[in-house]
Structures are given as C-alpha cells and as structure tokens.
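Have a look at the structure below before the remarks.
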Amino acid sequence: MTDTATPADRYRRIAARFTALVNAVPADSWSNSSPCEGWTALDVLHHVVTTEADFLGRMPFAPGALPDGNPLEAPSLIGGWTTVRDHVQRSLDTPDEAEHEYSGYFGPTTFAATTDQFYAFDLVVHAWDIATAAGLAEYQAIDPTEIARHHVDFADLGATMRQPGLLGPELPPPDDADEQARFLAYLGRCEPAEAVAARRTQG
C-alpha cells in the first residue's frame, strides 16, 4: 500500500489524529504508564512537544514563541503541542522553508524530508503509546500506509536506529501477529494479544 501524499499533507493528516487523541485522553489517565519504559503518557507527550520544538529551533526560520521545556502538566503540554504543530505545518506549507537544506544526523537533507521521515513517524508511534496508556482502543490502530512506509524507511537505516535514545531492541512477534503487531515488535514494543485479536475481529 503506497502513500502518495506530500510531506505537508501527510503531516496535516497525522497531526490532526494526534491532536484528536491528546484531546480525548481523560485527565486522570496522563499519569498512566506507557509502553515506553519509565515514561507516563504525559512524558510521551512532553517528548513529542520538546523534540519538535527543538527541531524547529534549529532552523533559520524558527518562530520566536516556541514552547520551552513545558511543565509536566497536561493543559500546558497540549497547548504546547498545538503551537509546535501549527509552526511545523506552516513551514511545510511554505516551499522555501520546506525545502531548506541543512546537515542532518544522517547527512544532507531538508526540513520537509526530516519531518516526513522522523517527526511524522514519532507522531504515529507515540499516538499508539499514549492511546495504549490511556486505554483508548479507537486510537490504537495504526494506518497501514504508515506501517508500510516507516517499516521500509527504518529497514534501510538498519542498526543505526538501534542506538541509545532511538529504537530499542527488536522483539520477536507472536506467530499469529498481523502487520501492525510485527511493526511494533520491530520497534521494540509488545502489543497485547487481545488488541491484535480485537483488530482481527473488526477486520
């Protein structure tokens, strides 16, 4: 399954779903443990906000009102997310900014390419982390086009993505795993068997 959307349109779609998720998380669920070891659902949101803000801040066209640190409080972080999201989207929709070239971790690249390959991926996977922590089953299914796209991207990067702070060790998927469960196992996450069974029943 091929996704032919532009980086700007793809980010718009993924970010809209991530926004709907964070707005749906009950206030008392932000302190729940997430699939990211040692992190709560709120810690995951904090990671998303601060990493995207840091990325924007390294660009010459960075706006002046980016979230800085953000206290670990859900309302502040949700507001920080919408601020960062809107700035990223504006830059992706602005050709000169989207195609701004710089030297990235993996070599020469552009703002749009990095956002599309890494920060959009973060939104996809961390949406699953937050939804799982909060018990929001309707947000736990991952778009099959995103699974296919990112599985190929990271297979090309190989062991580089297994460095500390990036992906954890790959886990063996269960014998009856579907594509989403296999993708999550590749990323070092173990999806509950009941979630896989429920998805298979719905399909």
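Could you list all residues from the range 29-85 that are touching a Gly at 6+ places or on another chain (Cβ under 8 Å), open to solvent by 20 Å² or more (accessible area, probe 1.4 Å) and hydrophobic (A, V, I, L, M, F, W, C)?
66
For the range 94-102, indicate whether the set of residues that are in contact with a Pro (Cβ under 6 Å, 6 or more places away or on another chain) and either closer than 30 Å to residue 33 by Cβ or without any contact (Cβ under 8 Å) to a residue 24 or more places away in the chain (or both) is non-empty. Steps first, please.
Step one: of the range 94-102, the residues in contact with a Pro (Cβ under 6 Å, 6 or more places away or on another chain) are none.
Checked against the condition, which is being in contact with a Pro (Cβ under 6 Å, 6 or more places away or on another chain) and either closer than 30 Å to residue 33 by Cβ or without any contact (Cβ under 8 Å) to a residue 24 or more places away in the chain (or both), the range 94-102 yields no hits at all.
Under 15 Å from residue 13 (Cα atoms) and at pLDDT below 95: is that true of residue 68 in this structure? Lay out the reasoning, then the answer.
On the way: under 15 Å from residue 13 (Cα atoms): no; at pLDDT below 95: yes.
No.
Specify which of the listed residues (49, 88, 22) is touching an Asp or Glu at 6+ places or on another chain (Cβ under 7 Å) and either in a helix (DSSP H, G or I) or not aliphatic (A, V, I, L, M) (or both). Spell out the reasoning first.
Numbers: 49 fails: touching an Asp or Glu at 6+ places or on another chain (Cβ under 7 Å); 22 fails: touching an Asp or Glu at 6+ places or on another chain (Cβ under 7 Å).
Only one candidate passes the filter, namely 88.
The values are calculated or read from the model by the stated rules, or taken from the named source; none is laboratory data. Small disclaimer: the values here were computed from a predicted structure and weren't measured. Here Cβ is always computed from backbone atoms with ideal geometry, including for glycine, and neighbour counts include all displayed protein chains. Note: areas computed on protein heavy atoms with side chains; ligands, DNA, RNA excluded. Shrake-Rupley method; radii C 1.70, N 1.55, O 1.52, S 1.80 Å.
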